[in-house]
Structure formats: C-alpha cells, structure tokens
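**Q** First the structure, which I've put down as structure tokens, then a few questions once you've had a look.
The values are calculated or read from the model by the stated rules, or taken from the named source; none is laboratory data. Computed from a prediction, not measured in an experiment: that's the story for all the values here. Cβ: placed from backbone, ideal geometry, glycine included. Neighbour counts: every protein chain shown.
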Amino acid sequence: MLMCKEATRLMSLKQDRPLTFQERIALRLHLSMCQACRECDRQFTLLHNSARRFAPEPPPEEDDPHRGKGDRGGNGTR
C-alpha cells in the first residue's frame with residue numbers, strides 16, 4: 001500500500017503524463033482509503049484545469065513571411 005507521500009507524487013505525475021496500470025491501481029486503492037489524499041487529488045485536478053484554462057496561447061510558428069531566417073524581430077541595426 002502507498003504512503004501518502006508517494007500517493008501525492010503520483011497525483012502530481014498524472015497531471016503531466018498518463019500513469020502506468022500499476023501506478024493507477026495503487027493510487028486508486030490508496031484514494032479509496034484516504035480522505036485527505038482524495039481532497040488533495042481533487043485540488044491538484046482543479047489547479048491543473050485552471051492553469052490550462054488561463055495559460056497564454058503559445059506563439060505562432062515561424063509562418064510569418066515578413067521574418068527572415070535568423071531574424072529576431074530587430075530592425076537590423078546595432
């Protein structure tokens with residue numbers, strides 16, 4: 001059985017990548033018995049979803065025809 005510290009690590013990891021089958025089962029088992037970790041998991045999910053919702057959009061790719069290769073947006077003077 002997982003300790004709370006390891007369960008918290010898995011809760012954090014699952015926000016960044018899919019957990020393995022073994023990790024998912026171990027975390028589910030722990031969460032079924034630990035109210036504090038269930039609340040922590042809920043908060044991790046809330047924070048992750050909020051951060052994604054309010055994250056700035058990534059800059060567009062190098063599709064701008066006005067920029068040449070190696071051009072960093074300057075006016076060419078030093």
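**Q** Tell me whether segment 30-37 contains one or more residues that are at pLDDT 95 or above, in contact with an Asp or Glu (Cβ under 9 Å, 6 or more places away or on another chain) and part of a helix (DSSP H, G or I). Outline the logic, then answer.
**A** Initially, segment 30-37 is screened for residues at pLDDT 95 or above, giving 30-37.
Next cut, in contact with an Asp or Glu (Cβ under 9 Å, 6 or more places away or on another chain) only: 30-31.
So of that shortlist, the ones also part of a helix (DSSP H, G or I) come out as 30-31.
Within segment 30-37, one or more residues are at pLDDT 95 or above, in contact with an Asp or Glu (Cβ under 9 Å, 6 or more places away or on another chain) and part of a helix (DSSP H, G or I).
**Q** Could you please find all residues in segment 7-30 being more than 22 Å from Arg52 (Cβ to Cβ) and touching a Cys at 6+ places or on another chain (Cβ under 9 Å)? Explain how you work it out, then say what you get.
**A** To start, the set of residues in segment 7-30 that are more than 22 Å from Arg52 (Cβ to Cβ) comprises 7, 20-22, 25-26, 28-30.
Hits for segment 7-30 are Ala7, His30.
**Q** Here's something else I'd like to know. Among the residues of segment 44-55, is there at least one that is at pLDDT below 75, assigned to a loop (DSSP other than H, G, I, E, B) and surrounded by 10 or more Cβ atoms within 10 Å (Cβ to Cβ)? It would help to see each step written out before you state the result.
**A** Step one: of segment 44-55, the residues at pLDDT below 75 are 55.
Checking the rest, the ones that are also assigned to a loop (DSSP other than H, G, I, E, B) come to 55.
After this cut, where a residue has to be surrounded by 10 or more Cβ atoms within 10 Å (Cβ to Cβ) as well, the list is none.
Within segment 44-55, not a single residue is at pLDDT below 75, assigned to a loop (DSSP other than H, G, I, E, B) and surrounded by 10 or more Cβ atoms within 10 Å (Cβ to Cβ).
Condition check ((1) closer than 13 Å to Met1 by Cα; (2) of a type in the set (Asp, Glu); (3) under 18 Å from the mean Cα position of the chain (by Cα)) across all residues:
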| residue | (1), (2), (3) |
| --- | --- |
| Lys14 | no, no, yes |
| Arg17 | no, no, yes |
| Gln22 | yes, no, no |
| Leu29 | yes, no, no |
| Cys37 | no, no, no |
| Leu46 | no, no, yes |
| Ser50 | no, no, yes |
| Phe54 | no, no, yes |
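**Q** Anything in segment 1-29 that is charged (D, E, K, R) and assigned to a helix (DSSP H, G or I)? List them, or say none.
**A** If we filter segment 1-29 for residues that are charged (D, E, K, R), which is where we start, we get 5-6, 9, 14, 16-17, 23-24, 28.
Correct list: Lys5, Glu6, Arg9, Glu23, Arg24, Arg28.
**Q** Please enumerate the residues belonging to segment 14-29 that are surrounded by 13 or more Cβ atoms within 10 Å (Cβ to Cβ) and modelled with pLDDT under 95.
**A** Once the filter is applied, which keeps residues that are surrounded by 13 or more Cβ atoms within 10 Å (Cβ to Cβ) and modelled with pLDDT under 95, segment 14-29 yields Lys14, Gln15.
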